[in-house]
Amino acid sequence: MIRLDDVWRIFTVGDAEVHALKGVTLAIERGEHVALVGPSGSGKSTLLHILGCLDRPTRGRYTLEGREVGALSEAERSLIRRNRIGFVFQFFHLLARLPALGNVELPMLFAGVTAEERRERAARTLAAVGLSHRAHHRPDQLSGGERQRVAIARAVVMEPAVLLADEPTGNLDRAAASEVMELLEGMNARGLTLVVVTHDPAIAARARRVVRLSDGEIQGSGVRGPGSGHDTTPTGTRTTVPDPRLGGG
Amino acid sequence: MRFLDLLRFAAGALRGHRLRTGLSVAGVAVGIAAVVALTALGEGARRYVVDQFVALGSNLLIVLPGKVETTGAAPFGGVTHDLTIDDFRAVERLPRVRRAAPLVVATDTVHFQDRGRAVPVLGTTAAFAAVRQLAVASGEFLPPRDLDEGGNEIVLGMKVADELFRGANPLGQVVRVGSWRFRVVGVLAPRGRSLTFDIDDDVFVSVRTAMRVFNRSTLFRILVDVRSHPEMQATKHDVEALLRERHRADDVTVITQDALLAAFSKILDALTMALVGIASVSLAVAGVGIMNVMLVSVTERRAEIGLLKAVGAQDGQVLAAFLAEAVLLALGGGVAGVALGAGAVRAFVSFYPSFPASPPLWAVGAALGLSLAVGAAFGVWPARRATRLDPVEALAGR
């Protein structure tokens, strides 16, 4: 379902070229739960942005559900983001002025869904993440875990093919993190493809497959045997290649 | 994205920053209020002048002795032939003339008992009231009478009556002008404004009497009331031709209301446009204010813009959302400004009730249209900056 063939991402900073991804080749099947791990600056966020059609590969092919999306126009890519991809971020990125329900409605707003249908679908999705009772609370009235569950509801309300989560528990305490992961895993169990970027070994250990990145290259990709509790992937060397647009980390 | 959803989304974003929104709305409101108030004053000035001319009688031709080439200003100059009562009789008989009135003017003191007041004394005929559209408050105007008869009736302007009689009923009383005695037959209704004379401070006697009292043999003016407005030019030519033949010379000037009115109207339109131009400067300042606010907003809301893109908002939709915010700001300012401007004009009118200032409808419409245009014009650039943001950078929130 997701195929990356020799994908490079090269940023030009001044006269220097920074290689954030160096020939990444990766295939992710429908319904997989993959963890992308690696030290800061290893290129895992860049990879996630490319998977999410927020960024384009400098070289190489990215095929999503059989379509080569790296070459599509910006308008077509935004349609793919709208309909096929859900994002969950470390810092939630909820709009502070909108209540939970309004935040979940947001993707449907731009898709031109009618107000009644938006409300109905958003309420149903909020119920699925267990937050019906918080529908009319604004983000600043919600706990971190609740905020991330609202963000997950927003990510899945358009019924995407793949959910991309960038450090989804990075800002949560252990209990909330576990709740959020259980929610994501539940969705994955019902067929949603799940890609989680994390540097938390405990979170990575929950994935069926761990892809380890280092210095812009895949160091190893291992399928964890159920219940083994151990990652079969060798540990990558610690190098730091920050996404230069983000000015570090 | 549906249009109403777009507006609601934009309005929601504006509500999130009440103070900033309020200030930029206020900026536009001041500009629009200035446009509305200044056009109202300009229009008021124009209407004031037009009213003055209408007060003179809209179908009025004024015949005066002497030839001056310029129209549009009160002509004066060398007199070769005077206007006479016989000239007047001839003019009066012209086919397109509904009625005409001769005019002799002198200033003298009118006495009642021990009170006296120096006023213009106008010698004319009964037709004058109709030609100048004067209304009588009590009694009647000069009686219709053959031109050669004098008569000792006098009609007082309201102010003269008030000053001389101090509230007593002047009708039937006797006043003196020099050594001549007159019987008051009427008092004019207050008129107030008129370009040439303050009608309220005039008195009227019959033309023959005035010529005798002031020892005049000629007329100051002949006022002609033309049958219908489209015949003004033709009648003007008739009068000129008639008097050319009678005087064997081209030595009178006939001026129309329209010529004067058009000249004044042009000047006052220019004045109005100048005022609007000044007001537009403040509107441009307000537009730059909106642009500034929207730029700050785009910078502050980078993460939001990144998110909108991540959830599938297309560039056009992001552009529309931010443009809608700018337009709503401007339109809010437009509505507030129209209210503010109308309020200012009302306040002005309450201090100067005789000044007919009210915001013309076209100005209100133009002001709202203008605010819309300002919002759109000054909102485009910030909105384009929003759409150009790289979502990855924007989401990083730095």
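The values are calculated or read from the model by the stated rules, or taken from the named source; none is laboratory data. Note that this is a predicted model, so its numbers are computed, not measured. Cβ sites come from the backbone with ideal geometry, for glycine too, and all protein chains shown count toward neighbours. Side chains included, ligands, DNA and RNA excluded: accessible areas come from the protein's heavy atoms. Shrake-Rupley method; radii C 1.70, N 1.55, O 1.52, S 1.80 Å.
Summary table below
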{"quantity": "Filter result (of a type in the set (Val, Ile, Thr) and in contact with a Gly (Cβ under 9 Å, 6 or more places away or on another chain)) within the stretch B:198-245", "calculated": "B:ILE199, B:VAL203, B:VAL205, B:VAL207, B:THR209, B:VAL213"}
{"quantity": "Odd one out for A:ARG61, checked against (1) at negative phi; (2) in contact (Cβ under 8 Å) with a residue 60 or more places away in the chain; (3) of a type outside the set (A, V, I, L, M, F, W, C); (4) open to solvent by 20 Å² or more (accessible area, probe 1.4 Å)", "calculated": "(2)"}
{"quantity": "B:LEU41 being of a type in the set (A, V, I, L, M, F, W, C), closer than 25 Å to B:ALA189 by Cβ and away from every other protein chain (no Cβ under 14 Å)", "calculated": "no"}
{"quantity": "Qualifying residue in the stretch A:129-142 (condition: in contact (Cβ under 8 Å) with a residue 24 or more places away in the chain, part of a loop (DSSP other than H, G, I, E, B), open to solvent by 30 Å² or more (accessible area, probe 1.4 Å) and closer than 23 Å to A:ALA205 by Cα)", "calculated": "no"}
{"quantity": "Residues located in the stretch B:8-60, provided they are on the phi > 0 side of the Ramachandran plot and either without any contact (Cβ under 8 Å) to a residue 60 or more places away in the chain or surrounded by fewer than 18 Cβ atoms within 10 Å (Cβ to Cβ) (or both)", "calculated": "none"}
{"quantity": "When residues of the stretch B:282-319 are limited to those that are open to solvent by less than 30 Å² (accessible area, probe 1.4 Å) and of a type in the set (D, E, K, R), the one farthest from the other protein chains (Cβ to nearest Cβ)", "calculated": "B:ARG301"}
{"quantity": "1 or more residues at the interface with chain B (Cβ under 9 Å from one of its Cβ atoms) and of a type in the set (Gly, Ala, Ser): qualifying strands (runs of 3 or more DSSP E) within the stretch A:6-116", "calculated": "A:85-88"}
{"quantity": "Answer from B:GLY27, B:GLY42, B:GLY16, B:GLY22 - the residue that is modelled with pLDDT of 90 or more and either in contact with a Ser or Thr (Cβ under 6 Å, 6 or more places away or on another chain) or farther than 30 Å from B:ASP238 by Cβ (or both)", "calculated": "B:GLY22"}
{"quantity": "Residue list for the stretch B:19-38, filter: over 27 Å from A:PRO107 (Cβ atoms) and within 14 Å of chain A (Cβ to nearest Cβ)", "calculated": "B:ARG20"}
{"quantity": "Checking B:GLY397 against (1) within 14 Å of another protein chain (Cβ to nearest Cβ); (2) modelled with pLDDT of 90 or more, the condition it does not meet", "calculated": "(2)"}
{"quantity": "Residue tally, condition of a type outside the set (A, V, I, L, M, F, W, C), surrounded by fewer than 20 Cβ atoms within 10 Å (Cβ to Cβ) and outside any helix (DSSP H, G or I), over the stretch B:197-220", "calculated": "5"}
{"quantity": "Filtered residue count, the stretch A:148-178, keeping only those that are surrounded by 24 or more Cβ atoms within 10 Å (Cβ to Cβ) and assigned to a helix (DSSP H, G or I)", "calculated": "8"}
{"quantity": "Total residues in the stretch A:25-58, condition over 25 Å from A:GLY170 (Cα atoms), crowded, with 19+ Cβ neighbours inside 10 Å and of a type in the set (Val, Ile, Thr)", "calculated": "0"}
